[in-house]
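Colleague: First the structure, which I've put down as structure tokens, then a few questions once you've had a look.
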Amino acid sequence: MNILILGSGGREHTIAWKIAQSPKCKQLFVAPGNSGTSEIATNVPISVTDFEAIKEVVLKNDIKMVIVGPEDPLVLGVHDFFLADEELKSVTVIGPQKAAAELEGSKEFAKEFLFRHNIPTAAYQSFDANTVEAGCAFLETLKAPYVLKADGLAAGKGVLILNDLEDAKTELRAMLVDAKFGAASTKVVIEEFLDGIELSCFVLTDGKNYKILPTAKDYKRIGEGDTGLNTGGMGAVSPVPFADNEFMSKIKERVVIPTINGLQKDNLPYKGFVFIGLIKVGNDPFVIEYNVRLGDPETEVVLPRLKNDLVDVFQAVGNQTLDQIDIAIDDRAATTVMLVSGGYPEAYEKGKEITGLDQVEGSLVFHAGANVKDAKIVTSGGRVMAITSFGKTYQEAIKKSYQNIAKLHFDKMNYRKDIGFDL
């Protein structure tokens, strides 16, 4: 069959790399794609939120399956758009419908879902511009640090963790009154701070059945030792060494099963990935957030460990026969390190030539913010590419990634040299 992937990042290059290995994939398209996807698929220069243009591509190329990479099209209802169109409704779409995508589209919606289904999470309250002073009063009842979350989508940057009460009040006013994050912060969720170590759990569901995929841990801060500004993610490790069998069974019983059951009880139609951001407090899992798609850069360590034909798996999601698939996982560790543009996550320059890609041995290179220009691969975004390696242990895998990074170069290239430091 012909398949279309929506998106342009490292996550989408990884999905494309995995799908290109399937004998069931005839032609592969990525919209808009990047320099990495252009080597294994046909890039289509359209926006992931231009549904009419997507429809045109699907019909013109007889596409039977669409995999939605990023959250924006899901929150805007791309799956519903397909179901409502006579010419598109038979196409398999991997990603939840709009009502269920609110789990990522609104922090308040997600918190209400968690409380309704008795899934462990931090205590919270939400506020808007009219109740900003009540929000400041609520902050006074909490202990530092203070967690402020923009309710809507803010490209991974809408969460602030502050140690000073007055700073927290100032930021709350900036978010609600001065629209610091635009429409995303018309509402702000304030929640208690949970002290522990984070990890991500990936679940694939067909709306009835589910499969738990490998765990991963990503590193969000730009600086070594988890310091500095938040980014889209600087690296990841899978599996997570501290997520032993006992802890995984707590995640399954307390979080995964109530989540899947909750989706059905609340009539939230879901065919796709549930990304559960967790924190281990003591020896107990608490949910920090839901995302309604695969994470990035976690995808770059989770999918390479999956031994199954991904098209088979996605067809089972479409047909609601996921219970008939046995998920096979490579027992080696995988790690990835993200190369970023100098200045990221603040202002950075684009168009820098990337050299040394032909020298990489024994690692996978997943392109993210990179494109082809005048037959050269150049930077086009903040997070430029992810270097993924396997090893018997995550230490061995990370060493291989760093050895290959030493062969790569672009002007002002930056990366974290301590991925996995806290494990």
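The values are calculated or read from the model by the stated rules, or taken from the named source; none is laboratory data. Since the structure is predicted, the reported quantities are computational estimates derived from the model, not experimental observations. Neighbour counts run over all protein chains shown; Cβ positions are idealised from the backbone, glycine included. Ligands, DNA and RNA are excluded from the accessible area calculation, which covers all protein heavy atoms including side chains. Shrake-Rupley method; radii C 1.70, N 1.55, O 1.52, S 1.80 Å.
Colleague: Do the conditions hold for ILE251, that is, is it modelled with pLDDT of 95 or more, over 30 Å from MET413 (Cα atoms), open to solvent by less than 20 Å² (accessible area, probe 1.4 Å) and out of contact with any Leu (no Cβ under 9 Å at 6 or more places or on another chain)?
Modeller: no
Colleague: Just one of (1) polar (S, T, N, Q); (2) closer than 22 Å to PHE286 by Cβ; (3) assigned to a helix (DSSP H, G or I) trips up GLN125, so point out which.
Modeller: The single condition GLN125 does not satisfy is (3).
Colleague: Please specify each residue of the stretch 233-248 satisfying the condition of being open to solvent by 30 Å² or more (accessible area, probe 1.4 Å), assigned to a loop (DSSP other than H, G, I, E, B) and either within 29 Å of LYS98 (Cβ to Cβ) or without any contact (Cβ under 8 Å) to a residue 40 or more places away in the chain (or both).
Modeller: If the condition is that a residue be open to solvent by 30 Å² or more (accessible area, probe 1.4 Å), assigned to a loop (DSSP other than H, G, I, E, B) and either within 29 Å of LYS98 (Cβ to Cβ) or without any contact (Cβ under 8 Å) to a residue 40 or more places away in the chain (or both), then ASP244 is the only one that fits.
Colleague: Could you list, in sequence order, all residues of the stretch 111-148 that are under 23 Å from ASP266 (Cβ atoms) and open to solvent by 10 Å² or more (accessible area, probe 1.4 Å)?
Modeller: GLU112, PHE115, ARG116, HIS117, ASN118, PRO120, THR121, ALA123, TYR124, GLN125, SER126
Colleague: Something else about it: Taking ASP151, is it under 30 Å from GLU346 (Cα atoms) and open to solvent by 30 Å² or more (accessible area, probe 1.4 Å)?
Modeller: Answer is no for this residue.
Colleague: So in the stretch 158-211, with the set limited to residues that are touching a residue at least 60 places away in the same chain (Cβ under 8 Å) and of a type in the set (Ser, Thr, Tyr), which one is farthest from GLY318 (Cα to Cα)?
Modeller: This residue is SER200.
Colleague: Which condition does ILE161 not pass, out of (1) open to solvent by 20 Å² or more (accessible area, probe 1.4 Å); (2) more than 30 Å from PHE242 (Cβ to Cβ), if it passes all the others?
Modeller: (2)
Colleague: Which of the following residues is among the small types (Gly, Ala, Ser) and assigned to a loop (DSSP other than H, G, I, E, B): ALA144, ALA137?
Modeller: Of the residues listed, the single one that is among the small types (Gly, Ala, Ser) and assigned to a loop (DSSP other than H, G, I, E, B) is ALA144.
Colleague: Here is a follow-up. Take the stretch 197-232 and flag every residue that is open to solvent by less than 30 Å² (accessible area, probe 1.4 Å), within 17 Å of THR335 (Cβ to Cβ) and assigned to a strand (DSSP E or B).
Modeller: Hits for the stretch 197-232 are LEU199, SER200, PHE202, ALA216, LYS217, ASP218.
Let's see how each residue does on (1) of a type in the set (Ser, Thr, Tyr); (2) within 14 Å of LEU278 (Cα to Cα); (3) at pLDDT below 90:
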| site | (1), (2), (3) |
| --- | --- |
| ALA179 | no, no, yes |
| ASP195 | no, yes, no |
| SER200 | yes, yes, no |
| VAL203 | no, yes, no |
| GLY207 | no, no, no |
| PRO214 | no, yes, no |
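Colleague: Within the stretch 13-59, take every residue that is in a loop (DSSP other than H, G, I, E, B) and of a type in the set (Val, Ile, Thr) and give me the one that is nearest to MET1 (Cα to Cα).
Modeller: Among those residues, the one meeting the criterion is ILE40.
Colleague: Looking for whichever is closer than 14 Å to VAL78 by Cβ and crowded, with 24+ Cβ neighbours inside 10 Å here; the options are ILE15, ILE3, ILE63, ILE54. Which one fits?
Modeller: The unique qualifying residue is ILE54.
Colleague: Within the stretch 18-43, how many residues are closer than 24 Å to GLY77 by Cβ and surrounded by fewer than 19 Cβ atoms within 10 Å (Cβ to Cβ)?
Modeller: Of the residues in that region, 1 qualify.
Colleague: Residue by residue through the stretch 297-337, note down the ones that are open to solvent by 20 Å² or more (accessible area, probe 1.4 Å) and either in a helix (DSSP H, G or I) or at positive phi (or both).
Modeller: Within the stretch 297-337, ASP312, GLN315, GLY318, ASN319, GLN320, ASP323, GLN324 qualify.
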